[in-house]
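Only one structure is covered here, and it is reproduced in the block below.
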Amino acid sequence: MKLKMLVLLNSALKRFTLHRMNTQHSKLLSFSLYSTLQPMSAPPQLQELCSIIMSNIGGLDDLALSLNKFKDSLASSLVAQTIEDCKSEAQSRRLLRFFLWSSKNLNCNLEDKDYNYALRVFAEKNDHIAMGILIDDLKKEGRVMDAHTFGLVAETLVKLGKEDEALGIFKNLDKYKCPQDEFTVTAIITALCSKGHAKKAEGVVLHHNDKIAGVMPCIYRSLVYGWSVQRNVKEARKVIQQMKSDGTIPDLSCYNTFLRCLCERNLRHNPSGLVPEALNVMMEMRSYKISLTSISYNILLSCLGRARRVKESCRILETMKTSGCAPDWVSYYLVAKVLFLSGRFGKGRAIVDQMISESLVPNCKFYYSLIGILCGVERVNYALELFELMKRSSLGGYGPVYDVLIPKLCRGGRFEKGRELWDEAIRMGISLQCSKDLLDPSVTEVFKPTRPEKISLLDSSKAKPLKKATTAKRLGKRKNMKKKRKS
């Protein structure tokens, strides 16, 4: 039931966000329509090409036939502008067919920058096949791949699980007339580490150490992150030790990454070691004059909440205050969340009040999530109290909460309160996604959670003699039947 309510809250939030996006889009559209009234408009050649590419009628062969009917002069600038105008709406393969048609019709008139731009567009669209075709064309025609394009291509290939292909392009950058310099080496290392391929990234560092001497702090941070993705605390610690031996002091970002790695590892394998080992890392940070922030503590609080370590979560929140690191609203949220999930509703509400007394103003997600949790564990009254606090703070964005509370109240038999919230939302001009039929008791099925009946010790003690008595009666009946048969 809890999972169902959380899913319902998330779907309501998504619908509300989509409604706001549509409203903003309509405003932007009206502005764009106004801008088209300006004297300067798109050239007719550009409009014709865009209409052909973005048409959903026919396949790629039909697209080629339509392009062959284009009679105006074609320039490389027109090709680039067409791709720019169509890339957000047109299908990736239609853009590829258009670019290949343009390169064929313009022969060698397309510049290297046009190829690089098109390659970056396909990389942003995660189209592996289109990227491969253009990369092959670059190599065949002896064109230059610039360093920025390579960085984006490498990042996309690693994200698509093609890290060996990205490394292959890097090793053969000379075939693309792109130098293996500080920028490209850093790009491939960062791309590999972003998905946890730290071992391969270390191989690149080993072979190109002389080219990245000036950016080693950045390289070290990437390696720590790469090992942290794998939750490999041992290797991440080795990188930090290497940083210190090279005279580079790890910064706050580097230590937070390592702290997350350590906490995630302990969450799976040693939950009791979460607090002591994390505090040791924080002590090490202080020894290097690194000021702890709420982000560092929130990493620990998040893992403690997932492990349901309630007392330790509350203790860390108090430690933050005494150590001079003021908790933010995320800190209070993480503690309140674990308190609600563990059934400590009064204490969780006290944590929320404490946050408000500190003059911290959370965003809507703070209330969305906690109200969803309270509804999921059948504590609607606490959810209503939180909703009142949300309205007092004048945050706005109440639609998703109404869409969760009204169905929950009505299906719990509280139709009057559901009607009250419905009328309140209508007065505020909020368009609700839930149906008005929920307010009708003849339509809405009331769900009341059933709990297994508890049998007291007194009842169980009475039940046993009854079984014995029943057994004795059965034995007596059998004896009487035997006597009758003998007689």
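What to note about this one:
- Qualifying residue in the range 326-345 (condition: among the aliphatic types (A, V, I, L, M) and free of Cβ contacts under 8 Å to residues at least 24 places away in the same chain): no
- Among the candidates 341, 334, 386, residue that is in the same structural domain as residue 283 (by TED's automatic domain parsing) and touching a helix residue (DSSP H, G or I) at 6+ places or on another chain (Cβ under 6 Å): 334
- Condition met for residue 90 (surrounded by 14 or more Cβ atoms within 10 Å (Cβ to Cβ) and either of a type in the set (Ser, Thr, Tyr) or in a helix (DSSP H, G or I) (or both)): no
- Taken together, the residues in the range 365-384 that are under 17 Å from residue 421 (Cβ atoms) and buried (at least 16 other Cβ atoms within 10 Å of the Cβ) amount to 11.
- Test: residue in the range 114-121 that is surrounded by 19 or more Cβ atoms within 10 Å (Cβ to Cβ) and assigned to a loop (DSSP other than H, G, I, E, B): no
- Taking the numbered list (1) outside any loop (DSSP other than H, G, I, E, B); (2) of a type outside the set (Lys, Arg); (3) within 35 Å of the chain's Cα centre (by Cα) in turn, residue 62 passes all entries but (3).
- If you go through the range 245-289 and pick out every residue that is closer than 20 Å to residue 319 by Cβ and small (Gly, Ala, Ser), you end up with 4.
- Screening 362, 400 for residues that are surrounded by 16 or more Cβ atoms within 10 Å (Cβ to Cβ) and part of a helix (DSSP H, G or I) leaves exactly one candidate, 400.
The values are calculated or read from the model by the stated rules, or taken from the named source; none is laboratory data. Note that the structure is predicted; figures quoted are calculated from it, not measured. Here Cβ is always computed from backbone atoms with ideal geometry, including for glycine, and neighbour counts include all displayed protein chains.
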